[in-house]
Amino acid sequence: MQTNPNVKPPGVGSGTLVKNNKYQLIFRSQWFLLLLAEFLIAIITGIVNPRFFTISNVINVLEQIAVLGIVSSGMTLLIISGEIDISVGANIGLSSCVMAIMIKSGIGVFPSFVTGIALAIFSSFLVGLTAHTFKAPSFITSLAFISVFQGIALAITKGSFQTIYGQAETIGMTRLGNVLPLSFVISLGAYLVVHFILAYTKFGRRIYSVGSNPAAAYLSGISVIKTKYYAFLFSGFFVGIGSMVLLSRIGAAQPSTGSGIELKAIGAVVIGGTPLSGGKGRIIGTLLGVLLMGIISNALNMMRVNPYYQQVTFGLLIIASLAMSIFSSYKGHARSEKSTKKAIE
Amino acid sequence: MVSSSLLKQFQRATQALLGLVTINVIFFIFAPTYRAISNFQTIFSQATVLGVMAVGTTVVLLSAGLDLSVGSILTFVAVSVGSMLNLQYPVWLIVFIALGIGAFWGTVNGLIIVITGVSPLIVTLGMMMILRGFSELLGAGKDMSSFPRAFRALGSGYFIPVLIMAAAYLVVAFMLGKTRLGFNAYAIGGNQEVARLSGIRVNKCKVIYYAIGGLMAGLAAVLLTARLNFANSTFGQGMEMNSIAAVVIGGTSMSGGIGGVGRTIIGVLIMTCLASGLSHMGVGSSWQRVSIGIVIILAVWIDTAQRKRTL
Amino acid sequence: MNQLNSTIGAPLVVMKGIVKCFPGVIALNQVDFELLPGEVHVLLGENGAGKSTLIKVLSGAFPADSGEIFIYGEKVVIESPEVPLKKGLRFIYQELNLVPQIDIARNIFLGVEPLGIRKLGIINTSTLYKTASQLLERFNIQLDPHRIVSTLSVTQQKMVEIARALVTDARVIVLDEPTDVLESTSRNDLFKVINHLKKEGVGFIYISHRYAEVYELGDRVTILRDGKNVGTFSIRDLTLETMIEKMIGGKIGKQYPSLPAPQEKIILRLENFYKGTVVQGVDFSLRKGELLGITGLMGAGKTELARAIAGVDPPTSGSLYIEDEKVMVRTPEEAIRHGISFLTENRKTEGLILDQSLRNNYGLPNINRLSPFGMVKIKKMNDEIDFYMKELTIKAPHRFTLAGQLSGGNQQKLVLAKWLGTHAKVIIFDEPTRGIDIIGRREVYRIMQELLAEGTSILMFTSDYAEAMEMSHRVMVMRRGKIVKEFPRSSASEDDILKAAIGVGEFR
Ligand SMILES: Nc1ncnc2c1ncn2[C@@H]1O[C@H](COP(=O)(O)OP(=O)(O)O)[C@@H](O)[C@H]1O
Ligand SMILES: [Mg+2]
């Protein structure tokens, strides 16, 4: 044990402080690498298919990633707080079906959206509530809730498409100044809100604390449970907004609407530098992660890859990039993190 | 020896057994058609597919792993089997290859998990997507039905499928109760670091457990395609959830280290009886799905409540 | 065992120039170590000296940053725990290392199960249970080998672990502070077994921070201090004074400051405090500006009492009065509101968030006060942490340094800073100087002294008897959940305290 961290022990190349700066550098450069990857993919796709760079396609990409961005914003909060929710896809399915059915039956667009968002918040809260009361990890309870949400959605729609073409298009179809999709602006809003929460509010600081060391947080007078519940509520809110935007853009909903988005959202968050173990992360990383997802998806379309291959590629890419991000920045921390965790248990 | 350890498993699973009896009593009273002998034959033959899959899931969960891709592995194997049958391969070879493909994907899962350190949840979710994609590619536009009789025999009626399932259970029960590989599963699931410090090759073992999970999914695919006499790329979706549910309801802890295949049988029967009984009572498939979700949550609850008592 | 004769005299284990760094800490700095056959080599050092780290490097729990290791004269690269195990080294770690969900026999044989058919890895279960019960008998442990480990007490679990190390022919056995959780009878059983195996040529590395045990058991002793080897001595050549001096790196007794006299007013009073079976009716009162020390053996209920007062694990019954007003404290949040701060014994896992900055750690209990309307006043938070960094002389480049990079002493000061921000009336310290070097210790004591002078009251729970005696106005000794004795400051020797802690009747 050395009192002065600057003193180098004999036989050791670098002091601990140097080590830390290196980590910070890697951490920062992970975002840099992300951007680089995005540029590269864009350029290659652009060469193969010049249409990639047309305004209409760029707008298309922005529109495509809007919902993912909104959901991922909420997921960022949740993952930093040390929780996860893999039922967000099913949650979107259920809430958008409810919204669609309500709109179809003539209840106004506004009350329908509000109800749907409230339902999404409630659903997300249920995942957190069961996880806490049954002392089970939230990935398990959220796994179970996938069946519940999808089952209910199937039951209320009787499995059929709920179309509301032309009835609630404003949010999904509007383009500000005829270029910028409103949905994308909403997703920017979501990023900003989450950034604000994380950087400037008490709630934000608490999220980091409970995510990285719940024991220390609790002993410092922070209510871990309450903080996590709030994280679920916020995530649910963003899921609700996401459903609204999605429904408005597609103009139809079915129980499977939104399925698979959970993996993309988790992938985007983790690729953006937020570890699944929680306690760390920034929204800018998530934004870049979402962008990567959008660009890859669009690039695959542009290169006319068979949609099934697209699915395969996506799965591979998510695993690969998560593995890369773990290799590059968490390997060094893994041991101390693990032992700290063990000690908490 | 095997039977005695099996018996012990049964004893520990009295609670689940009680649940099984209760739901059967309820269905006996309220669903007249449920009582028919033929219905029980159906239940048994249906239970074999889930049963075989759940054996593999038990091993994975025991070692504190998780495999959400087994449903998609089943799909992929089913579609592969379908294509091979169209190509007139001999039946034994097809079964062999099917098991091999299943074990292969399980191994891939295991390798990715231990090498990259990405959480099993994400890896197997990703694999689920990948395999669905592959299955669609493989199965697109193909007519995969009317299989040779020798193949159909594997899944028809209830005698042969139940025999196959029993064999799977006995082999895995022996593995868990009498071999190092099995003992290590409990140790790794209970406390991975202790296992490592005791000189157990944790990573190697984990890969094998995932391989077993995949292999059993492959076997389940054979039973299912043989029974239904067709295959397509929507097979097996959601099966991973049912399988996990059956295992947890049986009383194997989701957090690893506690459980066994004996109790999984009961869990499988509960799931199958529940599905059958609900449909005999006229509950639609969507509400069945909801109830499965709720049953899983209940099982998780019972699991944690019990762990609190014993630990 | 046959080869033994040929190797007698030649060292079983040699470690050369071992270096191991953790974030912010050089746990081992060029440490040399050697173990001969048939000796008990005591590895002595204060908490945090690096003893456990040294043996974990040997066991392959984690790799060393540099250094060489020879086992039976042969250079080995220990890349996994398998390597030393295969060579007949056995380890009993300080922390419990059992799989709680499985039974005793399976734990004892973990990784070395007796095989019926070797190739297939099929286990002979009847041999497994038979051998296990024989082994338990040898230790006078009356336990059914079928019992699940999680149902055992900590002491029983430790005994199972020790049995584990003896299940196969071991040539080197490493015990990391095994007696910390053992009762005196099982301690004697253990020492008997050690002395027996010694004669068979087994080498023991025995880790301890209690110098009393050294004379009872040891042949040679290696003393570690702050990650450095201070020297290896034959027990016969070493007096107690020099041993302690080498261990703490200075003369004894000079490290404690004078304490200002407490005031009359009673700040905190406990009445009939119970917590499960571990705290059995505790009453005391604490005056303004008073430091009350509470000591006792491990397992006497100190930590449980501290946590009960602080609302971490609320008491089962009993009342707590703050300035004569009865208050309910059921969460740390409520404790803070009533002016009680609690510094846990586990600084790294419960006191700090190691991978966050000093400032954010400071914010943990202070964030409420610093965030009117939920918005953090970042400037104010920065000013405050800067103030405390200067006031408490926390050695760190700046407030954004990660807490994990500080030394033990500075980490403890950071924990203190974090609680000073809440302006508590009562500060509860659990093991305030565990794992802190002598310089850091002095500074912690100095801060305590200043706090007392300002009228803050301190409750100090410690298992360091000297610290309890010299740093408190009054010392109370706890045994089996009860306060059994009270001494005024400097009125008793460490031995007196030990006697009270063990219960004089049972002593020897
Ligand atoms: N896994 C770890 N991560 C970070 N620091 C550690 C770890 N293990 C030990 N340390 C630090 O290394 C130093 C030596 O610890 P240790 O070997 O446990 O001391 P001892 O066993 O002598 O009490 C201490 O400062 C401790 O905090
Ligand atoms: Mg130690």
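The values are calculated or read from the model by the stated rules, or taken from the named source; none is laboratory data. Because the structure is a prediction, the values reported are computed rather than measured. As a convention, Cβ positions derive from the backbone with ideal geometry for all residues, glycine included, and neighbour counts pool all protein chains shown. With ligands, DNA and RNA removed, areas are computed over all heavy atoms of the protein, side chains included. Shrake-Rupley method; radii C 1.70, N 1.55, O 1.52, S 1.80 Å.
Of C:I141, A:S256, C:Q156, whose Cα points farthest to the positive end of the dipole of the protein assembly as shown (charges on the beta-carbon: +1 Lys, Arg; -1 Asp, Glu; origin at the Cα centre)?
Result: A:S256.
Average partner chain C-beta neighbours within 10 Å, per residue of A:78-91?
Across A:78-91, the average partner-chain Cβ count within 10 Å equals 1.
What is the dipole size for the range A:102-240, taken about its Cα centre, with +1 at each Lys and Arg Cβ and -1 at each Asp and Glu Cβ, in debye to the nearest 20?
On the way: 9 positive and 1 negative charges, 65 e Å.
That gives the range A:102-240 a dipole magnitude of about 300 debye.
Over 24 Å between Cα atoms: which of C:K302/C:K485; A:K135/C:K482; C:K246/C:K302; B:K206/C:K51 fall into that group?
Working: C:K302/C:K485 14 Å; A:K135/C:K482 33 Å; C:K246/C:K302 29 Å; B:K206/C:K51 32 Å.
Too far apart for the 24 Å limit: A:K135/C:K482; C:K246/C:K302; B:K206/C:K51.
Around C:N410, with a cut-off of 10 angstrom between Cβ atoms, what is the net charge of the other residues, counting Lys and Arg +1 and Asp and Glu -1? Spell out each step's value before the answer.
On the way: positive: C:K395, C:K413; negative: C:E443.
Net charge around C:N410: +1.
Tell me, what is a quarter of the convex hull surface for the C-alpha atoms of the range C:349-423, in nm² with one decimal? Numbers along the way, then the final one.
Numbers: hull surface 18.4 nm².
Projected over every direction and averaged, the Cα hull of the range C:349-423 covers 4.6 nm².
In peptide A:126-132, what is the residue-averaged number of other protein chain Cβ atoms found within 10 Å of each Cβ?
Neighbouring Cβ atoms belonging to other protein chains average 1 per residue here.
Taking the Cα centroid of the range A:260-282 and of the range C:81-155, what is the distance between the two, rounded to the nearest whole Å?
Cα centroid to Cα centroid, the span is 41 Å.
Calculate for chain B the 222 nm mean residue ellipticity that helices alone would give, adding -39,500 (n - 2.57) per DSSP H run of length 4 or more and normalising by residue count, nearest 500 deg cm²/dmol. Mind dumping the intermediate values first?
Values: 14 runs with 243 residues, N = 311.
Using -39500 (n - 2.57) per qualifying helix, the result is -26500 deg cm²/dmol.
Tell me, what is the percent relative contact order of chain A, built from C-alpha pairs under 8 Å that lie six or more residues apart?
Numbers: 529 pairs, mean separation 104.9, N = 345.
Relative contact order for chain A comes out at 30 percent.
At a probe of 1.4 Å, how much accessible area disappears from chains B and A on forming the pair, both sides counted, to the nearest 100 Å²?
Values: alone 14500 and 17320 Å², together 28430 Å².
Buried area (both sides, nearest 100 Å²): 3400 Å².
Taking 60 Å as R0, compute the FRET efficiency from the Cβ-Cβ separation of C:D283 and C:Q134 and round it to 0.05. The partial results should precede the final answer.
Details: r = 48 Å, r/R0 = 0.81.
That gives a FRET efficiency of 0.80.
Using the charge dipole of the protein assembly as shown (Lys, Arg: +1 at Cβ; Asp, Glu: -1 at Cβ; taken about the Cα centre), state which of A:V98, C:G289, C:L268 has its Cα farthest towards the positive end.
The Cα lying farthest towards the positive end belongs to A:V98.
How would you rank B:264-277, A:62-75, highest first, on the average number of other Cβ atoms within 10 Å across their residues?
Numbers: B:264-277: 25.1, A:62-75: 28.0.
Descending packing order for the listed peptides: A:62-75, B:264-277.
Please compute the average number of Cβ atoms from other chains found within 10 Å of each residue's Cβ in peptide A:306-313.
Values: counts 4, 3, 10, 4, 1, 9, 9, 3.
Per residue, the number of nearby Cβ atoms from other chains is 5 on average.
Just how many % of Cα pairs in chain A lie over 33 Å apart, if you round to the nearest whole percent? The partial results should precede the final answer.
Working: 18019 of 59340 pairs.
Roughly 30 percent, once rounded to a whole number.
Give the dimensionless ratio obtained when the Cα radius of gyration of the range C:1-129 is divided by 2.2 N^0.38 Å.
On the way: Rg = 17.2 Å, N = 129, 2.2 N^0.38 = 13.9 Å.
Working it through for the range C:1-129, the quotient is 1.23.
Show me the chymotrypsin sites (Phe, Trp or Tyr not before Pro) within the range A:143-179 that DSSP assigns to loop and that have at most 14 other Cβ atoms within 10 Å of their Cβ. It would help to have the intermediate numbers written out before the result.
Numbers: sites: A:F145, A:F149, A:F161, A:Y165; in loops: A:F161, A:Y165.
Hits after loop and neighbour filter: A:F161, A:Y165.
Within 14 Å, Cβ to Cβ, of B:V207, how many net charges do the neighbouring residues add up to if Lys/Arg are +1 and Asp/Glu are -1?
Working: positive: B:R201, B:K204, B:K206; negative: B:D67.
Value of the local net charge: +2.
Once the dipole of the range C:5-248 is set up with Lys and Arg at +1 and Asp and Glu at -1 on Cβ about the Cα centre, which of C:P100, C:L175, C:L217 lies farthest towards its positive end?
Highest projection toward the positive end goes to C:P100.
Measure nothing but the geometry: give the 0 to 90° angle between the long axis through the Cα atoms of A:283-302 and the longest principal axis through the Cα atoms of chain A, rounded to 10°.
That works out to roughly 50 degrees.
Tell me, what ³J(HN,Hα) does each residue in the range C:25-34 have, in order and in whole Hz, if you take phi through Karplus 6.51 cos²θ - 1.76 cosθ + 1.60 with θ = phi - 60° and put x for Gly and Pro?
9, 9, 6, 10, 10, 6, 8, 10, 7, 8
So, in Å, what gap is there between the alpha-carbon centers of the range C:236-286 and the range A:169-213?
53
Starting from the Cα of A:K104, draw a straight line to each of the aspartates and glutamates and keep only those under 18 Å, dropping any in the same chain fewer than 8 residues away.
Within the straight-line limit of under 18 Å, A:K104 reaches these aspartates and glutamates: A:E169.
So how far apart, in nm, are the two label points at A:K104 and C:N188 if each is 7 Å from Cα heading toward Cβ?
Spacing of the two 7 Å Cα→Cβ label points: 8.3 nm.
Taking the Cα centre of chain B as origin, work out the dipole magnitude from +1 charges on Lys and Arg Cβ and -1 charges on Asp and Glu Cβ, in debye rounded to 20.
The dipole magnitude comes to about 600 debye.
Which value, in debye to the nearest 20, gives the size of the charge dipole of the range B:156-254 about its Cα centre, when Lys and Arg are +1 and Asp and Glu are -1 at the Cβ?
Values: 7 positive and 2 negative charges, 69 e Å.
Using Cβ point charges on Lys, Arg, Asp and Glu, the range B:156-254 gives about 340 debye.
List the pairs from C:K348/C:K395; B:K204/C:K16; C:K56/C:K228 whose alpha-carbon separation is above 20 Å, in the order I gave them. Mind showing how you got there, number by number?
Details: C:K348/C:K395 17 Å; B:K204/C:K16 32 Å; C:K56/C:K228 16 Å.
Correct reply: B:K204/C:K16.
Quickly estimate the mean residue ellipticity at 222 nm for chain C, helices only: each DSSP H run with n ≥ 4 gives -39500 (n - 2.57), and the total goes over all residues, rounded to 500.
Working: 17 runs with 167 residues, N = 508.
One gets -9500 deg cm²/dmol as the mean residue ellipticity at 222 nm.
Before anything else, pin down the relative contact order of chain B: Cα pairs under 8 Å, at least 6 apart, normalised by residue count, whole percent. Mind dumping the intermediate values first?
On the way: 515 pairs, mean separation 110.4, N = 311.
Relative contact order of chain B: 35 percent.
Give a residue-ordered list of calculated ³J(HN,Hα) values for the range B:233-247 (Karplus: 6.51 cos²θ - 1.76 cosθ + 1.60, θ = phi - 60°; whole Hz; x for Gly, Pro).
7, 9, 3, x, 5, x, 4, 4, 5, 4, 5, 4, 4, 4, 5
Under 29 Å between C-alpha atoms is the cut-off here; go through the range C:66-162 and count lysine pairs that meet it, provided they're at least eight residues apart or on different chains.
Lysine pairs meeting the criterion: 10.
So if I take the alpha carbon set of the range B:39-303, get Rg, then get Rh from the Kirkwood formula, what is the Rg over Rh ratio?
Details: Rg = 17.6 Å, Rh = 18.3 Å.
When Rh is taken as the Kirkwood radius, the ratio is 0.96.
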